[in-house]
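Enquirer: Okay, here's the structure, questions in a sec.
The values are calculated or read from the model by the stated rules, or taken from the named source; none is laboratory data. This is a predicted model, so every value here is computed, not measured. Cβ placement follows ideal geometry from the backbone for every residue including glycine, while neighbour counts extend to all protein chains displayed. Remember, those area values only see protein heavy atoms, side chains included, never the ligands or the DNA or RNA. Shrake-Rupley method; radii C 1.70, N 1.55, O 1.52, S 1.80 Å.
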Amino acid sequence: MTALLYQPSHWSPTSLTRKPSSFLPTDRFRNYNLSHSLHTTLDRVNVLGDDDEYGHKGCVNALSWARDGELLLTAGDDTTVRIWRMDSTDIDQAYPFVCRSVVNTDHRANIFNAHMLPYSSRIVTAAGDKQIRIFDVGTAITTAPDGIETQYNPRQVGVQILRCHEDRVKRIVTEDSPDLFLSVGEDGLVRQHDLRAPPHNCRNGTCPAPLMKVGHGLSTLSLSPLTPYQFVVAGESPYGYLFDRRHSGRVLKEEWGMVARAGEELTTCVRRFARPPKDPAENGTRRRDHITGSRMSASNGHEVLLTYSGDGVYLFSTRDEAQSADSFAAQTPSAVPANSKRCKSEAARKQGDGPPQTAADATYEGTESDDGDGDDEEMEAFIEFEDLSGADESMCKPGMPAIMPRRRYDGARNVATIKDVNFLGPNDELIASGSDDGNFFLWDKASGALCGIYEADSSVVNVIEAHPHLPLVAVSGIDTTVKLFAPSHGPSAFSRMDNAQQIIETNARLSKTRSVRYNFSALLAEARAAMGAEDVDIPAGCTNQ
């Protein structure tokens, strides 16, 4: 394979400030090439870490490109943050990322999210121990010697610990600032943190008021840099929620066509995102009302992705008004692979013998099948949230106008862990999702056509993040390694499009299973907090996110 080395330029805050691409022909040409490359067949080009000495020692829950793509941050169950960078001396590897700096965070439970704040060298982590931790890794990313992996502890790089959340902290969202960021937790809160403010004692109840609170757990938070005054949250509810925080001198509900009431939250919930009513053909089976991931478009500021447990990925727009379920059903395509000019991936040409058996397809004690046929060999174990199909409507912003989806993308399976969802491409023209079968899926946003299925994990894929400028995609999940995918220069060894139809049918069948749900991570976190981190061992493998 021909080496395609990327030489990072010296980073500075001004390097992140770019003119709109519409004014720069070179940027338009670059974006066209990037989009074209991501629509071609991808292949695995590197694996970060191994199963023994090098890399993470547990599931990798967090991926984040930093400093305009010069760095890749990874974090997970082993409570470390690894900082990967290009090794310019390796001319044999197409994308030779290596880890020279490791931050031992001292979190007492799994890290779910990690980001570097813009224009700074500070990393923020969120974890299952209810804590947010901030580290300044300026030394770690400027003086790391070649060929040597250096370990850093909180005494060397730690800055601050925030204990404002009352339950597991699931996501962090950065803004265009080195000091501001948002966080969301299973306590139903979204909080804004300003590192310029004087430190406060969380145990004394002096934390700043949250931006908003709902009556159920939240697991995902997203906003767009084009519309940072809005953000989307979702979790243990049938709905996603759009909040608007432009309150100064404005009556937001009136602007959104609703009745305003005095004494409301610091932000205003202005819309709900809802799925169409359940298909009667499901014969009474109950869909699990839990949203595991969300993403707002960075290219247009109004499109929103939500991925539902036991269901597909849905595309919404904040510009849409309420519409009927019938109008949505009429425009929803079947999830069959397409061989269009826009999607230059391999077309499904034959039906194979089904996907290989993986750890995610093993039988778990306590599972049961909805179909009553006694076939339990591939039944999944739900291990996270309770079924909220019959949740009290009063928890879900009753009376709030609901936006129906523009399109649905299906074929992946999202039941065993907490899947994220993402846009890919310079204009967010692709949709990406992980799956319980160890694959990740790519769809063309406009047409809904399936563009690719790629094997990326031995059991479950949870997170997919594309490089901001290169046709390079980082993928992680239950494995302790991170896989990098890029355009293939020949047949792809990891494309599963030849067996697409069988994979889709298997995922659809297994998505309808149900089982007893155990929140192993929450129980483990409580045990660790009560007994001390050194007294409770993290079990091998990741039980959930």
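Enquirer: Regarding Ile83, is this residue within 25 Å of Asp176 (Cα to Cα), touching a strand residue (DSSP E or B) at 6+ places or on another chain (Cβ under 9 Å), of a type in the set (A, V, I, L, M, F, W, C) and open to solvent by 10 Å² or more (accessible area, probe 1.4 Å)?
Expert: no
Enquirer: Quick check: is even one residue across the stretch 199-209 free of Cβ contacts under 8 Å to residues at least 60 places away in the same chain and part of a strand (DSSP E or B)? Outline the logic, then answer.
Expert: From the stretch 199-209, those free of Cβ contacts under 8 Å to residues at least 60 places away in the same chain are 199-209; that's our starting set.
Imposing the further condition that a residue be part of a strand (DSSP E or B) reduces the set to none.
No, every residue in the stretch 199-209 fails to be free of Cβ contacts under 8 Å to residues at least 60 places away in the same chain and part of a strand (DSSP E or B).
Enquirer: Shifting gears a bit: Only one of Ala75, Ala66 is at negative phi, of a type in the set (Gly, Ala, Ser), open to solvent by less than 20 Å² (accessible area, probe 1.4 Å) and touching a Ser or Thr at 6+ places or on another chain (Cβ under 7 Å). Can you tell me which?
Expert: Exactly one residue qualifies, and that residue is Ala75.
Enquirer: Within the stretch 24-81, track down each residue that is within 22 Å of Val421 (Cα to Cα) and among the small types (Gly, Ala, Ser).
Expert: Ser35, Ser37, Gly58, Ala62, Ser64, Ala66, Gly69, Ala75, Gly76
Enquirer: Report whether or not Gln151 is part of a strand (DSSP E or B) and farther than 26 Å from Phe231 by Cα.
Expert: On the way: part of a strand (DSSP E or B): yes; farther than 26 Å from Phe231 by Cα: yes.
Considered against the rule, which asks whether it is part of a strand (DSSP E or B) and farther than 26 Å from Phe231 by Cα, Gln151 comes out as yes.
Enquirer: Kindly indicate whether any position in the stretch 186-197 is under 24 Å from Asn104 (Cα atoms), touching a Cys at 6+ places or on another chain (Cβ under 8 Å) and either of a type outside the set (Gly, Ala, Ser) or without any contact (Cβ under 8 Å) to a residue 40 or more places away in the chain (or both).
Expert: Yes; the residues of the stretch 186-197 include at least one that is under 24 Å from Asn104 (Cα atoms), touching a Cys at 6+ places or on another chain (Cβ under 8 Å) and either of a type outside the set (Gly, Ala, Ser) or without any contact (Cβ under 8 Å) to a residue 40 or more places away in the chain (or both).
Enquirer: When you check Arg155 against the structure, is it out of contact with any Phe, Trp or Tyr (no Cβ under 7 Å at 6 or more places or on another chain) and without any contact (Cβ under 8 Å) to a residue 12 or more places away in the chain, yes or no?
Expert: Considered against the rule, which asks whether it is out of contact with any Phe, Trp or Tyr (no Cβ under 7 Å at 6 or more places or on another chain) and without any contact (Cβ under 8 Å) to a residue 12 or more places away in the chain, Arg155 comes out as yes.
Enquirer: For the stretch 272-320, enumerate the residues that are in a loop (DSSP other than H, G, I, E, B), of a type outside the set (D, E, K, R) and at pLDDT below 90.
Expert: Residues of the stretch 272-320 that are in a loop (DSSP other than H, G, I, E, B), as a first pass: 274-279, 283-290, 297-302, 309-312, 318-320.
Add one more test, that the residue is of a type outside the set (D, E, K, R), and what stays is 274, 276-277, 283-285, 290, 297-302, 309-310, 312, 318.
Once the filter is applied, which keeps residues that are in a loop (DSSP other than H, G, I, E, B), of a type outside the set (D, E, K, R) and at pLDDT below 90, the stretch 272-320 yields Pro276, Pro277, Asn283, Gly284, Thr285.
Enquirer: In the stretch 98-107, is there at least one residue being in a loop (DSSP other than H, G, I, E, B) and modelled with pLDDT under 95?
Expert: Scanning the stretch 98-107 turns up no residue that is in a loop (DSSP other than H, G, I, E, B) and modelled with pLDDT under 95.
Enquirer: Answer yes or no: is there a residue in the stretch 143-162 that is closer than 15 Å to Ala62 by Cα and open to solvent by 20 Å² or more (accessible area, probe 1.4 Å).
Expert: For the stretch 143-162, residues closer than 15 Å to Ala62 by Cα and open to solvent by 20 Å² or more (accessible area, probe 1.4 Å): absent.
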